[in-house]
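J.: I have a structure I would like to understand better, so I am pasting it below and will then ask my questions one at a time.
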Amino acid sequence: MSRRSSSDSKKKIKLSHPLDKLKDDTGDTSTSAGASRGFGGRIRLTTLSTTCRKLGTMLESGVAARKAFSVVAKRTHDQRARTALHHVDEAVQEGHDVASSMAEQGNAFPPLMIDMVSVGEKTGALPEILKSLALHYENLVRLRRSFFRAIAWPMFQLNAAIWVIALLVLVLGMIAQSTGSKPLQVLPFGLSGGTGAVVWLFACYGTLGTLIGGYLLVTKSMQGRKLLDPLLMKIPVFGGCMRSFAIARFSWAFSLTQNSGMDIRESLEASLNATSNGAYIAAFPQIWREVESGEPLAWAMRRTQLFPGEYLEMVETAEETGTVPEMLDHLGPQFEEEAQRALKAMTSTLAWVIWAMVAVFIIVLIFRVATLYVGMLNEAARM
C-alpha cells in the first residue's frame, strides 16, 4: 500500500479561520461588534443555496462584492438572511473581507461556507466556489426533503393508531356507562371512558415529546452528538441510513473543499463537520493523526470503522492516481441513492412495527372480549 503524505497531493493553501481574526482583534469573538449584532438562528439551507447562486452569478459577471451583497440582501424574502447580508454588505464597504464579515454574523452562515469563501477570496475563485456551495446546499435540501417525505407515512400511521385506540377506549366506556355494566378494560391500570382516553393520549404524546425533547437537548451540544450518534448508528436499518447520509455529505464537502485548494487539514475537518453526525465529527483527530504521520487517507479512514470497504477501496485507488476529489464527487450521488434506499427500508420497517403494535392490541382486545363473553355464558349456566 502506498504511503503518501498529505503534502504529496496537489498544492493547497494554508488557511486561518476567519473567526481567528476576530479573536486576534478583540480577544473574544463574543464581544466583537459584529458578533454582538449576529443574532437569530442559522439561515435556512434553501435560502443559502439561492443566495450562493445569485452571488456567484453576479460576481462572475463582474459586479463588485459590495454591490452584489447589497442587491441580494434587498431581493431575499428571508428576514434572517436579509439582516445578515445587510451587515456583511456594510462591513465589506468599510474595507473588511467577506469571510470575516460573514463570521461576525453569529451562526447565520455555516462554518463550511465561511471557510470556502475565505479560500475563494485568497485564490480569486470566489464566484466558482459560491456556485459549488449552491449545489452542495441543494444536495442537502434534497436529502432532508427525502427523509421527511419518507417518514411522513409511518408517522401518520402511528398517530392514527394512537387515536383509534383512544376512540375505542372512549366508545367502550360510553357503552358501559349507558348499559350500567362494567366497562371492558382494553388498556392497563383500569383506564376506560373519556378519562382513560385522555390519559392514553397524554401518555403516548408525552413519551414521544420526552424522547424528541431529550434528543434535541442532547444533540444541542457537540459533545452530546459525539456520544449519542455512535449509539444510534448501531441500530439496525436506522444506523445504515445515518451512515449513508453522512458519507454522501462528506463526499460532497471533501470534493468541494479540495477542488477549491483548501489545506488538507482544514478540508478534512470541514468535511467531517458537514456530515452533521457526531461519530464522524469525533473521528477527525484520529484521521488527522494518521494522515499527518504519513499514512494514506484511505488507511486513516479505515481505522475509524465508519466507512464501508468498497468506498475505501475507491478512495485508495484515487489516492494513487491523485484524483480523490473527482472520485468523491462521483461517489456522493451514489451514496445519496443508497441513503434513499436505506430510507425506504427504514420507513418500511417502521410501518411494519406500527402495524404489528396495532395488531397485538387488536388480538388482546379480541381475547378480552372472548373471555368476557365466555364468563357471561358460564355465569348464565350456573343460574
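J.: Nearest 10 degrees is fine. How inclined is helix 45-60 to the longest principal axis of the chain, computing both from alpha carbons?
T.: 20
J.: For Val237 and Phe361, what does the FRET efficiency come to when R0 = 22 Å and r is the distance between their Cβ atoms, rounded to the nearest 0.05?
T.: On the way: r = 23 Å, r/R0 = 1.07.
So, using R0 = 22 Å, E works out to roughly 0.40.
J.: Considering only DSSP states other than H, G, I, E and B, which GluC sites (Glu not before Pro) in the range 93-130 qualify as loop sites with at most 12 other Cβ atoms within 10 Å? Numbers along the way, then the final one.
T.: Numbers: sites: Glu94, Glu104, Glu121, Glu128; in loops: Glu94, Glu104.
Counting only loop positions with at most 12 other Cβ atoms within 10 Å, the GluC sites (Glu not before Pro) in the range 93-130 are Glu94.
J.: Can you give the calculated 222 nm mean residue ellipticity of the chain, where each DSSP H run of n ≥ 4 adds -39,500 (n - 2.57) and the sum is split over every residue, rounded to the nearest 500 deg cm²/dmol? Intermediate results must be reported in sequence, preceding the final value.
T.: Details: 17 runs with 294 residues, N = 383.
The helix contribution divided over the chain gives -26000 deg cm²/dmol.
J.: Here's another thing I want to ask about it. Under the Kirkwood approximation applied to all pairs of distinct alpha-carbon atoms, what is the hydrodynamic radius of the chain in Å? Mind showing how you got there, number by number?
T.: Values: mean 1/r = 0.0408 Å⁻¹.
Computed over Cα pairs of the chain, the Kirkwood hydrodynamic radius comes out at 24.5 Å.
J.: For the range 330-345, in order, what is each residue's ³J(HN,Hα) by Karplus, 6.51 cos²θ - 1.76 cosθ + 1.60 with θ = phi - 60°, in whole Hz (x at glycine and Pro)?
T.: 6, 7, x, x, 4, 6, 5, 5, 5, 5, 4, 5, 5, 4, 4, 5
J.: Among 249-259, 271-281, 51-61, how do they line up from the highest to the lowest mean number of other beta-carbon atoms within 10 Å?
T.: On the way: 249-259: 25.2, 271-281: 22.9, 51-61: 19.2.
Result, highest mean first: 249-259, 271-281, 51-61.
J.: Taking the 0 to 90 degree range and rounding to the nearest ten, how far is the long axis of helix 126-179 tilted relative to the main principal axis of the chain, both from C-alpha atoms?
T.: With both axes taken from Cα atoms, the answer is about 10 degrees.
J.: Next question. Taking the chain as the reference, fit the longest principal axis to its C-alpha atoms, fit the long axis of helix 193-219 to the helix C-alpha atoms, and give the angle between the two in degrees, 0 to 90, nearest 10.
T.: So the helix axis and the longest Cα principal axis differ by about 20 degrees.
J.: Note down the magnitude of the dipole of the range 295-383 about its Cα centre, charges +1 on Lys and Arg C-beta and -1 on Asp and Glu C-beta and zero elsewhere, to the nearest 20 debye. Could the numbers behind the result be given before it?
T.: On the way: 6 positive and 12 negative charges, 247 e Å.
In debye, rounded to 20, the range 295-383 gives about 1180.
J.: Provide the net charge surrounding Arg66, with neighbours chosen by a C-beta distance below 14 Å and charges set as Lys +1, Arg +1, Asp -1, Glu -1.
T.: Details: positive: Lys67, Lys74; negative: Asp89, Glu90, Glu94, Asp97, Glu121.
With Lys, Arg at +1 and Asp, Glu at -1, the neighbours total -3.
J.: So if I take the centroid of the Cα atoms in the range 63-89 and the same for the range 298-332, what is the distance between those two points in Å?
T.: For the range 63-89 versus the range 298-332, the Cα centre distance is 38 Å.
No value in this document is a laboratory result; all are computed from the given coordinates. Only a predicted model underlies this, so the values are computations on that prediction, with no experimental measurement involved. As a convention, Cβ positions derive from the backbone with ideal geometry for all residues, glycine included, and neighbour counts pool all protein chains shown.
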